[in-house]
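Quick notes on the structure that follows.
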Amino acid sequence: MIHKFKQNGMYILLDVNSGGVHIIDELTYDLLDYVSDPPAEECPQAAIEALSGKYPAADLRECYAELYSLYKDKILFSEDDYEKYALSAVASPVKAMCLLIAQDCNLRCEYCFAGKGDYGKGRTLMDFETGKKAIDFLIQKSANRRNLELDFFGGEPLMNFNVVKQIVEYAREQEKLHDKNFRFTITTNGTLLSDDKIEFINKEMYNVVLSVDGRKCVNDRMRKRVDGKGSYDLFMPKFKKLVEKRGDKEYYVRGTYTKYNMDFTEDILSLYDEGFDQISIEPVMADPNEPYALTAADLPRIFEEYEKLSDKIKEIRANGKFINFFHFMLDLDQGPCAIKRLRGCGCGNEYVAISPDGDIYPCHQFVGIDEYKMGSLNDGTFDTEMKMDFARAHVYSKPECRKCWAKFYCSGGCNANNYIYAGDIHNAYKLSCDIEKKRLECAIALKAEKLLDTAE
Ligand code: SF4
Ligand code: SF4
Ligand code: SF4
């Protein structure tokens with residue numbers, strides 16, 4: 001399988017199965033419309049007839065011969081030899097967990113997937129006993145995996161910070177006893193940060209996710225306090241302090257763009273100007289009836305914006321500065337490992353979420369969906385059949401993904417969004433796919449340009 005596209009003035013060809021990226025000329029680009037997969041030995045007559053007004057027939061034949069020899073050398077139209085990994089993809093140990101430390105929040109963001117913090121299940125906080133059980137569960141289910149990830153999530157986890165601290169202390173004790181290594185992450189809206197909390201977070205948390213949508217006006221339109229006022233001025237000085245004191249430890253600012261800010265490059269630049277260089281801004285996934293929801297009609301505008309963003313990022317880097325936009329990060333050298341490329345986030349299999357009352361779900365976005373409750377820490381139940389179903393949900397089990405050029409980068413999309421917006425974890429959610437594919441094209445083009453620059 002191949003995928004060709006035009007971006008940043010280049011004609012780019014991706015050989016999907018090998019991951020090879022080629023910069024091609026316009027003739028090759030046009031000719032590829034007539035090349036079958038796998039290619040026939042002779043240049044198709046239809047290509048000569050259609051293109052000989054634009055290019056000499058001899059050039060077309062010569063180009064075709066080159067393409068055919070690349071195919072014979074397994075460089076183009078290479079075979080897919082990943083499916084065997086997917087078929088052997090059995091359930092793995094659980095190695096990551098999301099703790100809904102607070103099923104409550106002090107903000108009321110319009111687009112909140114978590115029912116403005118309560119997941120539609122009532123406002124409540126996790127107690128330390130449940131947190132301990134969660135740590136014990138993770139240690140037990142992780143088998144011989146040493147490195148374990150634990151995300152403190154909400155709602156707003158800082159509403160229950162004492163329990164966060166207790167759980168960290170307990171996990172640190174347990175990791176010595178069981179030869180494990182915990183890596184903690186906390187996701188916060190930042191409004192309740194204090195100097196003490198910043199110090200603790202910067203000491204103990206391997207990563208920090210700071211939620212902000214970009215420009216103050218954009219953020220405050222969606223990310224509101226309980227009294228309806230905007231939250232930006234409340235958290236921004238605290239975020240800056242946290243990042244300043246964090247040194248070179250990992251963090252990123254994470255935002256959401258909606259129909260109201262399809263010019264989200266400005267939000268990314270605003271965050272950059274505030275001093276953040278690790279940035280993620282994602283499209284809102286919402287009921288299409290919501291006024292802020294993105295729809296298929298918005299795609300041309302969104303695509304244009306990703307191209308603009310890609311130009312801006314190039315400009316920043318050309319000036320010797322650093323910026324990392326998460327969705328343009330790409331490993332063209334076939335990383336990460338095969339199984340991760342086929343199955344993505346690992347939800348419901350390697351990763352689970354725990355609600356404050358000890359219920360187990362495939363991930364935070366499934367919390368509160370009764371049919372996806374996997375068990376409970378209180379009665380020791382854990383649905384291993386459901387775990388296997390998630391282990392078997394990979395790019396070859398999803399009909400749209402199987403034939404999609406982006407499958408090894410996208411890894412089959414978000415199971416939760418697939419379920420919520422397309423009815424089944426195996427159904428691709430088209431709006432999200434179209435955006436993902438555009439981001440990938442931008443990322444591939446940026447990377448290809450960089451490689452070209454290095455080669456010159
Ligand atoms: S801060 Fe997060 S949990 Fe709270 S309302 Fe906003 S999106 Fe929801
Ligand atoms: S989720 Fe969509 S973009 Fe991703 S691999 Fe599947 S079809 Fe392709
Ligand atoms: S299913 Fe979606 S929301 Fe859940 S962990 Fe995976 S990518 Fe994230």
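Just a few scattered comments:
- Relative contact order for the chain: 16 percent, from Cα pairs under 8 Å spaced at least 6 residues apart, divided by residue count.
- Compared with the alpha-carbon gap, the fully stretched path from D263 to V226 is longer by 10.6 nm at 0.36 nm per residue.
- Rounded to the nearest 10 degrees, the inclination of helix 195-204 to the longest alpha-carbon principal axis of the chain is 60 degrees.
- Relative contact order, percent, the stretch 214-343 [alpha-carbon distance under 8 Å, six or more residues apart]: 22 percent
- Solvent-accessible area of E371, all protein chains in place: 120 Å² (probe radius 1.4 Å, heavy atoms, ligands and nucleic acids excluded).
- Kirkwood Rh, Cα atoms: Rg over Rh of the chain: 1.00
- Taking a straight line from the alpha carbon of K6, these lysines sit under 25 Å away, with near neighbours fewer than eight places off in the same chain left out: K54, K74, K308, K312, K314, K403, K407, K430, K437, K438, K447, K450.
- Shape category assigned to the stretch 221-284 from the gyration tensor of Cα positions, a/c cut at 1.5: oblate
- FRET efficiency estimate (nearest 0.05) - Cβ-Cβ, N319 to D80, R0 45 angstrom: 0.65
- Theoretical FRET efficiency, 1/(1+(r/R0)^6), r = Cβ-Cβ of H178 and N207, R0 22 Å, to 0.05: 0.50
- Placing a pseudo-label 7 Å from each Cα along the Cα-to-Cβ vector at M329 and D127 gives an inter-label distance of 3.8 nm.
- Packing, as the average of other Cβ atoms within 10 Å across residues, places the peptides 383-391, 427-435 in the order 427-435, 383-391, highest first.
- Look at the Cα gyration tensor of the stretch 273-327: its axes a ≥ b ≥ c give a/c of at least 1.5 with a/b over b/c, and that counts as prolate.
- Gain upon complete extension [Q45, D453; 0.36 nm per residue less C-alpha separation]: 143.1 nm
- Against the chain, whose longest principal axis is taken from its Cα atoms, helix 299-318 shows a tilt of about 90°.
- Around K141: net Lys/Arg minus Asp/Glu count, Cβ-Cβ under 11 Å: +1
- The modelled label-to-label distance for the pair S52/K308, using points 7 Å beyond Cα in the direction of Cβ, is 4.6 nm.
- Assuming charge only on the beta carbon of Lys and Arg (+1) and of Asp and Glu (-1), the dipole of the stretch 49-170 about its Cα centre is about 540 debye to the nearest 20.
- Secondary structure note: in the chain, about 40% of the DSSP beta bridges are antiparallel.
- Relative contact order of the stretch 70-224, pairs being alpha-carbon contacts under 8 Å that are 6 or more residues apart, as %: 24 percent
- With both labels modelled 7 Å from their Cα along Cα-to-Cβ, the D370 to Q166 distance reads 3.0 nm.
- For the chain, the solvent-accessible area works out to 45 Å² per residue, with a probe of 1.4 Å and every protein chain left in place.
- Exposure rank, largest accessible area first [E315, E441; 1.4 Å]: E315, E441
- DSSP beta bridges fully contained in the stretch 194-348 are about 10 percent antiparallel.
- Cα-only radius of gyration and Dmax that characterise the stretch 1-141, units Å: 26.9, 76
- Per-residue SASA remark: Y361, around 10 Å² accessible (1.4 Å probe; ligands, DNA and RNA not included).
- Folded to 0 to 90 degrees: helix 232-246 orientation relative to the chain principal axis, Cα: 80 degrees
The values are calculated or read from the model by the stated rules, or taken from the named source; none is laboratory data. Here the structure is a predicted model, which is why all the values come from computation and not from measurement. Here Cβ is always computed from backbone atoms with ideal geometry, including for glycine, and neighbour counts include all displayed protein chains. All accessible areas refer to the heavy atoms of the entire protein, side chains included, with ligands and DNA or RNA removed. Shrake-Rupley method; radii C 1.70, N 1.55, O 1.52, S 1.80 Å.
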